Amino acid sequence: MKISKKDAYSWFRFYADLPEDEELMTSHYDIIYSVLAQIEDAVDDRISRLRGEIPGLKTLDGRSFYVGPEEKFPKGCMSCLMGNGLTAIRKTNKCNIRCRFCYNFGEMEDIMPIGEGVWDIGGSRYYERDLDLLFHIHGKPSGVAYVYLEPFMEIEKYYGIIRRFHEAGVYQHMYTNGTLATEENLKALAEAGLDELRFNLGATNCSDKVIENIRLAKKYIPAVGIETPMTPEYFETFQVKKEQILTTGVDFMNCAELHLNENNLDNYFGENMYMCHHGYLSPIWSHELTCRFMKMAGEEGWNVAVHDCCNMTKFARGLNQTVKEGKWFGANNFECEFPEIPFEAFLPVLEDDSFRFLEEEPMEYIY
């Protein structure tokens, strides 16, 4: 069913106004899924046209897109998309700043600690002394990532475990907002064996301090990059500080498509949204900004790998991870982060006269 935009708005307005405890009939999901597909098809068409304007666009085995030098494409992403998956290592449950795009927005004070002396690896708790047993039974992962939330809040705790993974020959990357980086701790991370450091430059809206810390990190860490959700604020500020950022020697930039959950949705409510494969919910402008960003990088010939880390890249990541886990054909851990479809979030795009469905047809019967 190629539902019309007018009918789509009427039905989603109706669903949004229903009491929370009222269950929908199975037949209603024909309408719901048709609306989501119509929006997604129109978004995909826009992205396809924008990608056609990007000079030097390359693909990573059909799993993602990028521009720039192949040798600078982040090995952490290679592990995620081509290796045996992204193994997250979690320790720090605190952060020193509050970002409106953060998946944990509004709940920072309620995040449970991992536990004294232990690390969350693959969803289970390990002491550093357990690593020999872990490597012996599971073998070595192609790569690990230190996430959750700001490692530099207690960075001294990380040196030992990084050293152990380095000795085992495992590629390691870490995420940071960059505000607490110093020459001392960056040098210590490099000496421990960290391979790659990623700065969320958008967390401080491209602050001069963090830009200089990127430059400082390049003195010690083999691969240094920027990974930031693409927002209008970041895109605009980047233009102002572009030369300052590019001269840091940064190796890569991952343009993450912003996706929303129950914690951060209210911060972007009223924006035009779409849902990718019934999974991630995102503002439509986020991926479009990535395409504009990559076009600029391609036209200007930046000596940086600029990676389109969009929702479909996350979809490919899920497929790669499940196949490496030996799961059944078609299994994917890419899923919606809302318990119910947030119908009200789609009303702005359905009201927007400038957003058009590719094809419409009248409904054949009344539900």
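The values are calculated or read from the model by the stated rules, or taken from the named source; none is laboratory data. From a predicted model like this one, the values you see are computed outputs, not experimental measurements. Glycine gets a Cβ as well: all are built from the backbone with ideal geometry, and neighbour counts include every protein chain shown. What goes into the accessible areas is simple: the full protein's heavy atoms, side chains included, and nothing from ligands, DNA or RNA. Shrake-Rupley method; radii C 1.70, N 1.55, O 1.52, S 1.80 Å.
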### Task
Test Asn213 against the criterion of being open to solvent by less than 30 Å² (accessible area, probe 1.4 Å), over 19 Å from Cys77 (Cα atoms) and either of a type in the set (S, T, N, Q) or not in a helix (DSSP H, G or I) (or both), and give yes or no.
yes
### Summary
Reported set for segment 68-106 where residues are open to solvent by 30 Å² or more (accessible area, probe 1.4 Å) and in a strand (DSSP E or B) is Thr87, Arg90
### Task
Identify the single condition in (1) in contact (Cβ under 8 Å) with a residue 40 or more places away in the chain; (2) more than 16 Å from Ala305 (Cα to Cα) that Gly225 does not satisfy, given that it satisfies every other one.
(2)
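Listed here are the residues, each with its yes/no results for (1) touching a residue at least 60 places away in the same chain (Cβ under 8 Å); (2) open to solvent by 20 Å² or more (accessible area, probe 1.4 Å).
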{"site": "Lys219", "(1), (2)": "no, yes"}
{"site": "Glu233", "(1), (2)": "no, yes"}
{"site": "Glu236", "(1), (2)": "no, yes"}
{"site": "Gly270", "(1), (2)": "yes, yes"}
{"site": "Met273", "(1), (2)": "yes, no"}
### Query
Of all residues in segment 349-367, how many are more than 29 Å from Leu57 (Cβ to Cβ) and either in contact with a strand residue (DSSP E or B) (Cβ under 7 Å, 6 or more places away or on another chain) or assigned to a loop (DSSP other than H, G, I, E, B) (or both)?
9
### Query
Within segment 3-13, is even one residue assigned to a helix (DSSP H, G or I) and open to solvent by 70 Å² or more (accessible area, probe 1.4 Å)?
yes
### Task
Could you tell me which numbered condition Lys242 fails, if it satisfies all but one of (1) in a loop (DSSP other than H, G, I, E, B); (2) surrounded by fewer than 19 Cβ atoms within 10 Å (Cβ to Cβ)?
(1)
### Message
I need a count of the residues in segment 189-202 that are open to solvent by 20 Å² or more (accessible area, probe 1.4 Å) and among the small types (Gly, Ala, Ser).
### Response
1
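Could you tell me whether Gly193 is out of contact with any helix residue (DSSP H, G or I) (no Cβ under 9 Å at 6 or more places or on another chain), within 13 Å of Val144 (Cβ to Cβ) and touching a residue at least 12 places away in the same chain (Cβ under 8 Å)? Even if it seems obvious, please write down each step before you answer.
Numbers: out of contact with any helix residue (DSSP H, G or I) (no Cβ under 9 Å at 6 or more places or on another chain): no; within 13 Å of Val144 (Cβ to Cβ): yes; touching a residue at least 12 places away in the same chain (Cβ under 8 Å): yes.
Considered against the rule, which asks whether it is out of contact with any helix residue (DSSP H, G or I) (no Cβ under 9 Å at 6 or more places or on another chain), within 13 Å of Val144 (Cβ to Cβ) and touching a residue at least 12 places away in the same chain (Cβ under 8 Å), Gly193 comes out as no.
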### Query
Across segment 32-61, what is the number of residues that are in contact (Cβ under 8 Å) with a residue 40 or more places away in the chain and either in a loop (DSSP other than H, G, I, E, B) or of a type in the set (Val, Ile, Thr) (or both)?
10
### Task
Answer with yes or no whether Asp61 is open to solvent by 50 Å² or more (accessible area, probe 1.4 Å) and over 20 Å from the mean Cα position of the chain (by Cα).
no
#### Entry: Selected residue (criterion: most open to solvent (accessible area, probe 1.4 Å)) from residues of segment 107-159 that are among the basic types (Lys, Arg) and within 17 Å of Gln172 (Cβ to Cβ)
Lys140
### Query
Looking only at residues in segment 323-346 that are touching a strand residue (DSSP E or B) at 6+ places or on another chain (Cβ under 9 Å) and of a type outside the set (Asp, Glu), which one is surrounded by the fewest Cβ atoms within 10 Å (Cβ to Cβ)?
Phe338
### Summary
Scanning segment 283-322 residue by residue, the ones that are touching a Leu at 6+ places or on another chain (Cβ under 9 Å), assigned to a loop (DSSP other than H, G, I, E, B) and open to solvent by less than 10 Å² (accessible area, probe 1.4 Å) total 1
